[in-house]
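Novice: My questions will all concern the structure given below.
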Amino acid sequence: MIQVPRGTADILPGEIELWQYIEDKARDICRRYNYLEIRTPIFEHTELFHRGVGETTDIVEKEMYTFEDRGGRSLTLRPECTASTVRSYVENKMFGLPQQPTKLYYIGPMFRYERPQAGRMRQFTQFGVEAIGSNHPSIDAETIALAMRFYEELGLKNLHVELNSLGDAQSRKAHRDALIRHFEPHIHEFCSDCQSRLERNPLRILDCKKDADKELMKSAPVILDYLNEESSAYFTKVKKHLDDLGIAYEINPNLVRGLDYYTHTAFEIMERGIGAVSTICGGGRYNGLVKEIGGNDMPGIGFAMSIERVLLALKTQGVELPVDRSLDCFIVGLGEAAEEKAFLLLDQLRRQGMTADKDFLGRKMKAQLKAADRLQAKTVAIIGEDELARGIVVLKNMETGNQQEIVFDQVAETVQTMVQKDK
């Protein structure tokens, strides 16, 4: 038997409704915040992620699914969608759209080769937003607020925001030099990854999981001490906007995120109950990314979250989403002529926008009624030989058990009334 590849999963009926509910909630909140949906290809030229994500990141060095196509071109299954969205923004000249800044969101599969564990898969689904073209600190706060409101409306509680500033280029250079001075005398005590990153990108050392407990990590220079006046003022404004919105946060000076394109605001939203990986959302500002990918020097900010981790957090907190898996009507047809009438009635109900089904296995009446019960049908329409001769349907309310006889032409209208009354 051929099985699903490691790190991937089938999402089956019974579970997929939860996914659909979450995705609908994401689309609705983005509509209210005036973000428009974008869909980019699942694979891109590998160079995009080398330039956009950063050659020294774990994603690029260890986790990408990269292959050559028949034309010898190096392609990569997208490990994240910010670089793809920015590529599309530049290529399609979206800076010329009437709505500025350009506010976009996406929902789709991403791919990373890493050890599968709770909340972390090799194929996973991300919901994310990107706002490109604004340097105003209020849009940083809006981005964080959108994510928090999304979680709140799903029913999640006890979440907290961790916040940091990575500063502008000048601030980052001062911090970079300080990190090199700090780590260089003892870099031989660190893992090979950290050693290779000392000169290339010392900020990545702070993100190392292997050496996280070393004393030098705990005493490393923090970026907040190296912010210049402009970067410090920007961070102060972001915090004020969050305070005004009533969004609590903790300053985490060691929060650097795992991608090279971040500048100024960086944030994560944490949920402590889902295992070793407690981050359920991460994002920040990337003012140099658009230029790096080939566009004009435009600022941007965004976040991404894994739907799998959202589901894990919901399960951990015991939150049940109000998903309606029931049918509006199940039609029982007894006899060949009644089956034909049931089939036509089924079409009428569906045309009226109702969820409806019938028996397709030729089962007896008792088995059909059991099937209707398993499908959580709100009503059952029964057509036998006698009902067919009289031009009526026996309509049963499955909650109350009440039955009534309805002429064929009024079945759809009656079912619709009964279903709306129950909502």
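Novice: For the range 197-244, give me each residue that is open to solvent by 70 Å² or more (accessible area, probe 1.4 Å), under 18 Å from A266 (Cα atoms) and within 31 Å of the chain's Cα centre (by Cα).
Specialist: Those that are open to solvent by 70 Å² or more (accessible area, probe 1.4 Å), under 18 Å from A266 (Cα atoms) and within 31 Å of the chain's Cα centre (by Cα): T236, K237, K240, D243.
Novice: Can you work out which of the residues in the range 368-395 that are among the small types (G, A, S) and assigned to a helix (DSSP H, G or I) is surrounded by the most Cβ atoms within 10 Å (Cβ to Cβ)?
Specialist: Keep residues of the range 368-395 that are among the small types (G, A, S), which gives 371-372, 377, 381, 384, 389, 391.
Narrowing further to those that are assigned to a helix (DSSP H, G or I): 371-372, 389.
Details: A371: 19, A372: 25, A389: 10.
Out of the qualifying residues, it is A372.
Results for (1) within 23 Å of D213 (Cβ to Cβ); (2) surrounded by 17 or more Cβ atoms within 10 Å (Cβ to Cβ); (3) in contact with a helix residue (DSSP H, G or I) (Cβ under 7 Å, 6 or more places away or on another chain), shown as yes or no for each residue.
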residue	(1), (2), (3)
L163	no, yes, no
D168	no, yes, yes
R172	no, yes, no
A178	yes, yes, yes
S192	yes, no, no
Q195	yes, no, yes
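Novice: For the range 60-73, indicate whether the set of residues that are among the hydroxyl-bearing types (S, T, Y), farther than 26 Å from F150 by Cβ, assigned to a loop (DSSP other than H, G, I, E, B) and touching a residue at least 24 places away in the same chain (Cβ under 8 Å) is non-empty.
Specialist: We begin by selecting, within the range 60-73, every residue among the hydroxyl-bearing types (S, T, Y); these are 65-66.
Those still in the list that are farther than 26 Å from F150 by Cβ too: 65-66.
Remaining after also requiring assigned to a loop (DSSP other than H, G, I, E, B): none.
Checking the range 60-73: not a single residue is among the hydroxyl-bearing types (S, T, Y), farther than 26 Å from F150 by Cβ, assigned to a loop (DSSP other than H, G, I, E, B) and touching a residue at least 24 places away in the same chain (Cβ under 8 Å).
Novice: Mind listing whichever residues of the range 114-130 are touching a helix residue (DSSP H, G or I) at 6+ places or on another chain (Cβ under 6 Å) and surrounded by 24 or more Cβ atoms within 10 Å (Cβ to Cβ)?
Specialist: Of everything in the range 114-130, those that are touching a helix residue (DSSP H, G or I) at 6+ places or on another chain (Cβ under 6 Å) and surrounded by 24 or more Cβ atoms within 10 Å (Cβ to Cβ) turn out to be F127, E130.
Novice: Right, something else. Among the numbered conditions (1) out of contact with any strand residue (DSSP E or B) (no Cβ under 7 Å at 6 or more places or on another chain); (2) open to solvent by 60 Å² or more (accessible area, probe 1.4 Å); (3) not hydrophobic (A, V, I, L, M, F, W, C); (4) not in a helix (DSSP H, G or I), tell me where Q404 comes up short.
Specialist: Unmet for Q404, out of (1) out of contact with any strand residue (DSSP E or B) (no Cβ under 7 Å at 6 or more places or on another chain); (2) open to solvent by 60 Å² or more (accessible area, probe 1.4 Å); (3) not hydrophobic (A, V, I, L, M, F, W, C); (4) not in a helix (DSSP H, G or I): (1).
Novice: Follow-up question, since we're still on this one. Among I42, I2, which is in contact with a Pro (Cβ under 7 Å, 6 or more places away or on another chain), open to solvent by 40 Å² or more (accessible area, probe 1.4 Å) and not basic (K, R)?
Specialist: Working: I2 fails: in contact with a Pro (Cβ under 7 Å, 6 or more places away or on another chain).
Only one candidate passes the filter, namely I42.
Novice: For E340, all conditions in the list (1) in contact with a strand residue (DSSP E or B) (Cβ under 6 Å, 6 or more places away or on another chain); (2) more than 26 Å from G14 (Cβ to Cβ) hold save one; what is the number of the exception?
Specialist: (1)
Novice: Do you know which residues across the range 1-35 are among the hydroxyl-bearing types (S, T, Y) and either in a helix (DSSP H, G or I) or in contact with a Gly (Cβ under 7 Å, 6 or more places away or on another chain) (or both)? Walk me through how you get there before you give the answer.
Specialist: Residues of the range 1-35 among the hydroxyl-bearing types (S, T, Y): 8, 21, 33, 35.
Hit for the range 1-35 is Y21, nothing else.
Novice: Something else about it: Can you give me the ranges of the helices (runs of 4 or more DSSP H) entirely in the range 119-229 with at least 1 residues that are closer than 30 Å to I42 by Cα? Give the derivation first.
Specialist: Working: elements: 137-154, 169-183, 192-200, 215-218.
Passing ranges, in order: 137-154, 192-200.
Novice: If you check A377 against the conditions, is it aliphatic (A, V, I, L, M) and within 40 Å of the chain's Cα centre (by Cα)? Walk me through it before giving the result.
Specialist: On the way: aliphatic (A, V, I, L, M): yes; within 40 Å of the chain's Cα centre (by Cα): yes.
When the stated conditions are applied, A377 passes them.
Novice: Would you please name the residue that is modelled with the highest pLDDT, looking only at residues in the range 218-275 that are closer than 18 Å to G300 by Cβ and of a type in the set (K, R)?
Specialist: That would be K237.
Novice: Additional query: What are the residues in the range 289-325 that are under 21 Å from E37 (Cα atoms), small (G, A, S) and within 16 Å of the chain's Cα centre (by Cα), if any?
Specialist: G302, A304, S306
Novice: Select, from D373, D324, D357, D386, the only residue that is under 30 Å from M148 (Cα atoms) and acidic (D, E).
Specialist: Values: D373 fails: under 30 Å from M148 (Cα atoms); D357 fails: under 30 Å from M148 (Cα atoms); D386 fails: under 30 Å from M148 (Cα atoms).
On inspection, the qualifying residue turns out to be D324.
Novice: Just need a number here: residues in the range 144-160 that are closer than 15 Å to D28 by Cα and in contact (Cβ under 8 Å) with a residue 60 or more places away in the chain. Steps first, please.
Specialist: Just the residues of the range 144-160 that are closer than 15 Å to D28 by Cα, to begin with: 145-154.
From the residues that got through so far, the ones that are in contact (Cβ under 8 Å) with a residue 60 or more places away in the chain too are 145-151, 153-154.
Qualifying residue count, the range 144-160: 9.
Let's see how each residue does on (1) touching a Phe, Trp or Tyr at 6+ places or on another chain (Cβ under 9 Å); (2) on the phi < 0 side of the Ramachandran plot:
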| residue | (1), (2) |
| --- | --- |
| R172 | yes, yes |
| H188 | no, yes |
| K214 | yes, yes |
| K218 | no, yes |
| S231 | no, yes |
| F235 | no, yes |
| G246 | no, no |
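Novice: Just checking, which of F49, F95 is surrounded by fewer than 18 Cβ atoms within 10 Å (Cβ to Cβ), hydrophobic (A, V, I, L, M, F, W, C) and part of a helix (DSSP H, G or I)? Full working, then the answer.
Specialist: Details: F49 fails: surrounded by fewer than 18 Cβ atoms within 10 Å (Cβ to Cβ).
Only one candidate qualifies: F95.
Novice: Going through the range 356-367 one residue at a time, which ones are within 21 Å of E405 (Cα to Cα) and assigned to a helix (DSSP H, G or I)?
Specialist: M365, K366 - these are the residues of the range 356-367 that are within 21 Å of E405 (Cα to Cα) and assigned to a helix (DSSP H, G or I).
Novice: Give the number of residues within the range 52-78 that are open to solvent by less than 40 Å² (accessible area, probe 1.4 Å), within 30 Å of L206 (Cβ to Cβ) and modelled with pLDDT of 95 or more.
Specialist: Restricting attention to the range 52-78, the residues satisfying the condition of being open to solvent by less than 40 Å² (accessible area, probe 1.4 Å) are 52-54, 56-57, 59-60, 63-64, 75-76, 78.
Applying the additional criterion that residues be within 30 Å of L206 (Cβ to Cβ) yields 52-54, 56-57, 59-60, 63-64, 76, 78.
Applying the additional criterion that residues be modelled with pLDDT of 95 or more yields 76, 78.
Going through the range 52-78 one residue at a time, the tally reaches 2.
The values are calculated or read from the model by the stated rules, or taken from the named source; none is laboratory data. Just so we're clear, the structure is a prediction, and the values are computed from it rather than from any experiment. Every residue, glycine as well, gets a Cβ built from its backbone with ideal geometry; the counts of neighbours run over all protein chains shown. These accessible areas exclude ligands, DNA and RNA; they are computed on the full protein's heavy atoms, side chains included. Shrake-Rupley method; radii C 1.70, N 1.55, O 1.52, S 1.80 Å.
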